[in-house]
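Q: Here it is: the structure, laid out below.
The values are calculated or read from the model by the stated rules, or taken from the named source; none is laboratory data. Not measured: the values here are computed from a predicted model. Note that we place each Cβ from the backbone using ideal geometry, even for glycine, and neighbour counts take in every protein chain shown. Areas reflect the complete protein model, heavy atoms only, side chains present, ligands, DNA and RNA absent. Shrake-Rupley method; radii C 1.70, N 1.55, O 1.52, S 1.80 Å.
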Amino acid sequence: MLDFDALVIGAGPAGMIIAAALAEQGIKVGGLTASPLRQVWPNTYGIWRDELEALGLTELLGHCWENCVSYFGKGEVNHGRAYGLFDKVKLQNHLLAQCETGGVEWQQGKAINIEHDHKRSIVTTAAGETIHARVVIDASGHNPMFIKRQQQEAVAFQTAYGIVGHFSAPPVNPQQFVLQDFRSEHLSATERATEPPTFLYGMDFGNDVYFVEETSLAMAPAVSFELLERRLHQRLAARGVQVTAIHEVERCIFPMTLPLPDLHQPVVAFGGAASMVHPASGYMVGALLRRGPSLAAAIATKLQDTQAGPTVIAQAAWQELWNRDRLRKYYLYRFGLEKLMRFDEVLLKQHFDTFFSLPRGQWSGFLADTLSTPALVAVMVRLFAIAPNSLRWGLLQFPGRESNLLWQSITSK
């Protein structure tokens, strides 16, 4: 039997970030992972460079582009801000080194059951082993074993189909990163009218290697990989570009609008399990790096009370992770995404042209979720004020869940 102050379930970015942060607090931390600990993570993680500069972690970038652009309805938009991709191995090794320094004890196994008493939580693995901990943090992803959610509702997913490889001609300009290319001249009028808008996310990796990915921002139900693959090849063909060698194919899907966890349960969540994906942009890793230390500090403080059991410790953690300001912003972001999912291609392009014309501090804070609630509201008000009339009219329509989401942002406690 193993016994810890805190047990982290999951060894992806969220699990390693919170395990390292907890260990830095000087508490005894255990980790449980169903996959081999050093298995390279499958997904690609992007982040704006200045977010990592603020954390002193720019050395974890594998690629970075100064020339970062998008295409909406008014031509090329230069964002004037550098964008990077994590070197997944560097990020993983960095977090593992922090865990090792802090004495985190990792076990490989699959958690299948959890029970609680007034002093501790008892996790049972598929192999029949038991692990005791005063608090359990489930960081196992979007479908966690032990986290209950507040309510069931249709979930919107971001989906993407991408190719890393060689091409007969550059699919994006050399040394360029394309955040969103919504141009759709390669589609028929029927396709534009009846199929959901998608955009190209693309970049030059150097040495004649490029990554191009057709992406659906968010839809419920999710846009299929088949449609995205067809769209990508249509886009390339219209530019006279052929794929000459494929190094890797990426099929990515993740939920954008998971309901919040039940904030009164005796298990804590972190990462996708805690609904921490930014509901309007899809970003999460930067938020994990920023918010992990404060969550760990809240847990460590409550652990100092030797009489506190799992429910009391978890309550302190939930209050830190989802305080009133964050709850209100969560529903405001959900409100905004609900609007975007209802926009046709014309309104969507108008929205993004308007959004990226805001002062950089406003749109960057919106995408990173670093604004306070009043500052976030100010961004939304300013966007409405400078938007063209057709976009304003679209923003004023509340045909679905928008009214309820807006009300929840006002009444969250």
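Q: List the pair-distance distribution P(r) of region 304-355, using every Cα-Cα distance, as the percent of pairs falling in each 5 Å bin from 0 up to the bin containing the longest distance, rounded to whole percents.
A: 4, 16, 15, 13, 11, 10, 9, 7, 6, 5, 4, 1
Q: Would you calculate a helix-derived [θ] at 222 nm for the chain, using -39,500 (n - 2.57) for each DSSP H run of n ≥ 4 and dividing by the full residue count, to the nearest 500? Write out the running numbers ahead of the final one.
A: Numbers: 13 runs with 155 residues, N = 413.
Result for the chain, helices only: -11500 deg cm²/dmol.
Q: If we count every other residue with Cβ under 12 angstrom of Met219's Cβ, Lys/Arg +1 and Asp/Glu -1, where does the sum land?
A: Details: positive: Arg342; negative: Glu195, Glu338.
Around Met219, the surrounding residues sum to -1.
Q: Go through Gly271, Trp106, Val29 and say which Cα lies farthest out towards the positive end of the charge dipole of the chain; charges sit on Cβ, +1 for Lys and Arg, -1 for Asp and Glu.
A: With unit charges placed on the Cβ atoms, the residue in question is Gly271.
Q: While we're on this one: Size of the dipole of region 90-146 about the Cα centre, Lys and Arg at +1 and Asp and Glu at -1 on the beta carbon, nothing else charged, in debye to 20?
A: On the way: 5 positive and 6 negative charges, 21 e Å.
The calculation lands at about 100 debye.
Q: Can you sort His233, His142 by 1.4 Å-probe accessible area, starting with the largest? Let's see the in-between values first.
A: Details: His233 80, His142 55 Å².
Greatest to least solvent exposure: His233, His142.
Q: How big is D, in µm² s⁻¹, for region 23-91 by Stokes-Einstein at 20 °C and 1.002 mPa s if Rh is the Kirkwood radius over C-alpha pairs? Present the calculation step by step, with values, prior to reporting the outcome.
A: Numbers: Rh = 14.9 Å.
For the chosen part, D equals 144 µm²/s.
Q: Please identify, among Gly336, Gly31, Gly80, the residue showing maximal mean-square fluctuation in a Gaussian network model of the chain using a 10 angstrom Cα cutoff.
A: Largest GNM mean-square fluctuation: Gly80.
Q: Rounded to the nearest 10 Å², what accessible area does Phe384 show when all protein chains are kept and the probe is 1.4 Å?
A: Surface accessible to solvent at Phe384 totals approximately 70 Å².
Q: Treat every Asp and Glu Cβ in the chain as -1 and every Lys and Arg Cβ as +1, leave all other atoms uncharged, and give the resulting dipole magnitude about the Cα centre to the nearest 20 debye. Could the numbers behind the result be given before it?
A: Working: 36 positive and 39 negative charges, 205 e Å.
Computed charge dipole of the chain: roughly 980 debye.
Q: So, one more: For region 1-139, take every pair of Cα atoms, bin their distances at 10 Å starting from 0, and report each bin as a whole percent.
A: Binned Cα distances yield the sequence 12, 34, 26, 16, 9, 4, 0.
Q: Which of rounded, prolate or oblate describes region 258-313 when judged by the alpha-carbon gyration tensor and an a/c cut-off of 1.5? Write out the running numbers ahead of the final one.
A: Details: a/c = 4.48, a/b = 1.73, b/c = 2.60.
Here region 258-313 falls in the oblate category.
Q: Can you give the log10 of the normalised intensity I(q)/I(0) at q = 0.12 Å⁻¹, computed with Debye over equal Cα scatterers of region 197-324?
A: Here the Debye-derived log intensity ratios amount to -0.65.
Q: Once you wrap a convex hull around the alpha carbon atoms of region 223-297, what is its projected area averaged over all directions, in nm²?
A: Values: hull surface 31.4 nm².
Mean projected area for region 223-297: 7.8 nm², to one decimal.
Q: Quick check for you: with a 1.4 Å probe and neighbouring chains kept, what is the accessible area per residue of region 289-393, in Å²? Write out the running numbers ahead of the final one.
A: Details: 4350 Å² over 105 residues.
Heavy-atom accessible area per residue stands at 41 Å².
Q: Might you work out the accessible area of Glu53 for me, using a 1.4 Å probe with all protein chains in place, and round it to the nearest 10 Å²?
A: 100 Å²
Q: If you wrap region 133-178's Cα atoms in a convex hull and average its projection over all directions, what's the area in nm²? All intermediate terms of the calculation are to be shown ahead of the outcome.
A: Working: hull surface 28.8 nm².
Orientation-averaged projected area of the Cα hull: 7.2 nm².
Q: Another one. Dipole of region 286-413 (Lys/Arg Cβ +1, Asp/Glu Cβ -1, origin at the Cα centre): which of Thr301, Ser390, Phe335 lies farthest to the positive side?
A: Value: Thr301.
Q: Mind checking which of Val178, Ala11, Pro255 is farthest towards the positive end of the chain's charge dipole, using Cβ charges of +1 (Lys, Arg) and -1 (Asp, Glu) about the Cα centre?
A: Towards the positive end, the residue furthest out is Pro255.
Q: Here's something else I'd like to know. How large a share of the accessible area of the chain, in percent, is made up of carbon and sulfur atoms when the probe is 1.4 Å and the other protein chains stay in place? Let's see the in-between values first.
A: Numbers: 9130 of 17560 Å².
Exposed carbon and sulfur together represent 52 percent of the surface.
Q: May I pose another question? Any idea of Glu105's accessible area? Nearest 10 Å², probe 1.4 Å.
A: About 80 Å², rounded to the nearest 10.
Q: Of the candidates Pro310, Pro255, Pro374, which one comes out as most mobile in a Gaussian network treatment of the chain with C-alpha springs shorter than 10 Å?
A: Judging by the Gaussian network model, the answer is Pro374.
Q: May I pose another question? Determine by what factor the alpha-carbon radius of gyration of region 123-201 differs from 2.2 N^0.38 Å, reporting the quotient.
A: Working: Rg = 22.1 Å, N = 79, 2.2 N^0.38 = 11.6 Å.
Taking the Cα Rg and dividing by 2.2 N^0.38 Å, one obtains 1.91.
Q: Running Debye on region 164-257 with equal point scatterers at the Cα sites and no solvent, what base-10 log of I(q)/I(0) appears at q = 0.25 Å⁻¹?
A: -1.44
Q: While we're looking at this one, here's another question. Starting from the Cα gyration tensor of region 55-204, multiply each eigenvalue by 5, take the square root, and state the resulting semi-axes largest first in whole Å.
A: 43, 24, 14
Q: Nearest 20 debye, what's the magnitude of the dipole of region 22-83 about its Cα centre given +1 on Lys and Arg Cβ and -1 on Asp and Glu Cβ? Don't jump to the answer; show the numbers that get you there.
A: On the way: 5 positive and 7 negative charges, 52 e Å.
For region 22-83, the charge dipole is close to 240 debye.
Q: Could you rank Thr130, Thr125, Thr244 by how accessible they are, 1.4 Å probe, largest area first?
A: Values: Thr130 50, Thr125 5, Thr244 90 Å².
So the residues, ranked largest to smallest area, are Thr244, Thr130, Thr125.
Q: Please work out the ratio of the alpha-carbon Rg of region 98-150 to 2.2 N^0.38 Å and round it to two decimals. Display every interim value, and only then the final one.
A: Details: Rg = 12.3 Å, N = 53, 2.2 N^0.38 = 9.9 Å.
After normalising by residue count via 2.2 N^0.38 Å, the value is 1.24.
Q: Among the helices of the chain (complete DSSP H runs), which have Cα atoms covering no less than 24 Å along the helix axis and a Kyte-Doolittle mean of at least -1.0?
A: 285-303
Q: For the chain, what is the largest minus smallest coordinate of the Cα atoms on each principal axis, given in angstrom and ordered from greatest to least?
A: So the three principal-axis extents are 64, 49, 36 Å.
Q: While we're on this one: How large is log10 I(q)/I(0) at q = 0.10, 0.11, 0.23 Å⁻¹ when the Debye formula is applied to the Cα atoms of region 266-391, each weighted equally and without solvent?
A: -0.40, -0.47, -1.37
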